[in-house]
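Take a look at the structure below.
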Amino acid sequence: MIYFINFGMPDHKSGIEHAEIKRLNLFKNHNQPAKVIARDWNRTLHQTANASGVDDDSLLGMFDYFQDATKVAAKNVTVDDLDFGVVNTNREDETDKNRYLVTNAANGKLVARVNYDPVHDRQVVSTELFDEYGNLYRVDHYDSRGFRSLIQWYTPDNKIGNEEWLTPDGRTVVRTFNKFDIHHKLVKTGWWLQEKNGEIHTFDTIDELFEHFLNRINEKGNNIFILDRSLLADGALTRLKKPAYTVMHLHNSQAGDAQDPLHSIVNNNYEYALANLDRYSSVVSATQRQTNDVIERFKPKAKMFTIPVGIVDNETLNEDHVAMDKRTFGKVIAVARIAYEKRLDDLVRAVKIVHDQVPEVTLDLYGYADSSNNYGEKRKIEKLIKELNLEDVVTFKGYTNDIAKVEKDAQVFGLTSRMEGFNLAVMEALSHGVIGVTYDVNYGPNDIVVDGKNGYIVDFGDYKALAEKMLKIFKDKKLMQELSDGSYETSERFSDENVWNAWQDLIKDAEKTLGGAVKK
């Protein structure tokens, strides 16, 4: 079996999750079984994964595995199905808070608060239980498939003391314990696991529990593990007890300063992996430029593969092209987290220069805001928009699951990142005929955008040059159409066939290394 290792499959996905989904679909199209491993517990894991096209057969959650809940028939659990241990209760529906207040009919005391999902037939999300004195003592969390999955026991000072994960039939199989550290911060101090065979194990950290899990699913060996989130299992994959083919996938720059990849401090997310490259079977990067830099700096003995993380499916490649004169004139878009490393304030400054000469130009920013520093990056950009009087020009559009519709109406995609590992967004935009205008940033944008063919590459950090290129495009409609045609044409590089052939090389190397076929 081929496993892609990640935290989970959240509703608001990053480029890594989108890359995994595309890879999963690619493998399915070529009858190659694969699964996404989700380390973290989340009550909506299956709900959000299924909504993204990842079915339960293609998903393996660590907690699901130990809870014997990898495949559970979904059912709807409502407040009517709950037993609070009180003979007679009254219910008050607080619809504005999506919850019921359950009280003891005999004395009016609060027994429970039942939180429900208003979108899914008032499915129970959690129950908050109170003792005779009105103290919260327990919260039960329900998996979206309709069973009680996690119990949190509260201390008298209203903190989570310990937690228990249950099987669908109610047996506790995993526990963790919370204590205050020297900084008076509540931290998990241990994990307890009882397995199906009755064995009991204890672990200091979730990392140790996860390593045990990976060894469990690799008990017969001959699996391929592709580590998409390095810090989740970078050490664990070097300590597997049975043979496996382990892949360190570089989704970002290996260097802290992407513009100085051979000399700058390494990216801390990859620090262990880069110091232990030869303990993995192979390393994957998305561009040949990054592969070359890793080889030059680290001189690994592990096999190096260059495989694009993005795939332009055949349906998109064969779609009718949307001419530039059928799109909204002047529409510039960016698809990115509103975060420091995306440097979107530079794009706003560039759009200001362009808008002053071409008043029709607008900028739409798609993506969720990074919550760091109380959403500091978004607040900084909002302040800049106001200072430049661009309130009617630049718009935050939030996260969208239908970006193709947006891209078929846009003319230019702007990219001003400090570093990238590939950038799926610009690849997808070009596949819909949008013109790319980007900084010369490692890695991805300066390979995906072909200067003068499907857009322009300007010196890193030069937003004025970025503006000049956009002005050149908007002032020459013939050039605009030629560049759009080039975007469609160059997207063939990322076709299903081309990317699959690259993965085939890795899979064949795995079979050779393991001395046999990869387990299904």
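Laboratory data are not the source of any read-out in this text; all were calculated from the coordinates shown. Note that the structure is a prediction, hence the values are computed from the model and not measured. Glycine gets a Cβ as well: all are built from the backbone with ideal geometry, and neighbour counts include every protein chain shown.
Return, ordered by residue number, the residues of region 106-124 whose backbone nitrogen is under 15 Å from a label point located 7 Å along Cα→Cβ of VAL87. Under cut-off, by backbone N: 106-108. Give me log10 I(q)/I(0) at q = 0.08, 0.13, 0.14 Å⁻¹ for region 314-493, Debye formula, one equal scatterer per alpha-carbon, no solvent. Calculated log10 I(q)/I(0) at the listed q: -0.21, -0.58, -0.67.
For the pair GLU492 and THR95, label points projected 7 Å from Cα toward Cβ lie 5.8 nm apart. Projection of the Cα convex hull of the chain, averaged over all directions and equal to a quarter of that hull's surface, yields 27.3 nm². Each residue of region 55-70 was assigned a 3J(HN,Hα) from its phi angle through the Karplus curve 6.51 cos²θ - 1.76 cosθ + 1.60 (θ = phi - 60°); the sequence is 7, 5, 5, 9, 10, 9, x, 4, 5, 3, 4, 6, 8, 6, 9, 5 Hz, with glycine and proline shown as x. Across the chain, C-alpha contacts under 8 Å between residues 6 or more apart give a mean separation that, scaled by the residue count, equals a relative contact order of 11 percent. Got a sec? Charge dipole of region 79-204, +1 on Cβ for Lys and Arg, -1 for Asp and Glu; which of VAL173, GLN123, ASN158 is way out at the positive end? Value: ASN158.
Quarter the surface of the alpha carbon convex hull of region 385-491 and you get the mean projected area, 7.0 square nanometres.
When the helices of the chain are scored as -39500 (n - 2.57) per DSSP H run of n ≥ 4 and the total is divided over every residue, the value at 222 nm lands at -8500 deg cm²/dmol.
Placing +1 on the Cβ of every Lys and Arg and -1 on the Cβ of every Asp and Glu, with no other charges, gives the chain a dipole of roughly 760 debye about its Cα centre. Quote the relative contact order of region 79-204 in percent (integer), defining contacts as alpha-carbon pairs under 8 Å separated by 6+ residues. Computed over region 79-204, the figure is 10 percent.
Note: region 1-97, Cα convex hull, 138 Å³ per residue. Evaluated with a Cβ-only charge set (Lys, Arg +1; Asp, Glu -1), region 314-493 carries a dipole of roughly 520 debye about its Cα centre, given to the nearest 20.
Coupling constants for region 241-253 follow from the phi torsions by the Karplus curve (6.51 cos²θ - 1.76 cosθ + 1.60, θ = phi - 60°), and in residue order they are 7, 10, x, 7, 9, 10, 10, 8, 9, 7, 9, 8, 5 Hz; glycine and proline get x.
Note on region 79-204: the C-alpha convex hull projects to 9.8 nm² when averaged across all orientations. Taking 4 °C and 1.567 mPa s as conditions, region 174-288 diffuses translationally at an estimated 80 µm²/s according to Stokes-Einstein applied to its Kirkwood radius (Cα pairs). Return the tail of the calculated pair distribution for region 465-505, meaning the percent of Cα-Cα pairs more than 14 Å apart. Distances greater than 14 Å cover 62 percent of the Cα pairs.
With point charges of +1 on the Cβ of Lys and Arg and -1 on the Cβ of Asp and Glu, referenced to the Cα centre of the chain, which listed residue (VAL322, SER52, THR513) lies farthest in the positive direction of the dipole? Of the options given, the answer is THR513. The residue list ILE5, TYR366, GLY310 was ranked by how far each Cα lies along the charge dipole of the chain toward its positive end, using unit charges on Cβ atoms, and ILE5 comes out on top. Structural descriptor for region 140-299: relative contact order 11 percent, calculated from alpha carbon pairs under 8 angstrom and at least 6 residues apart.
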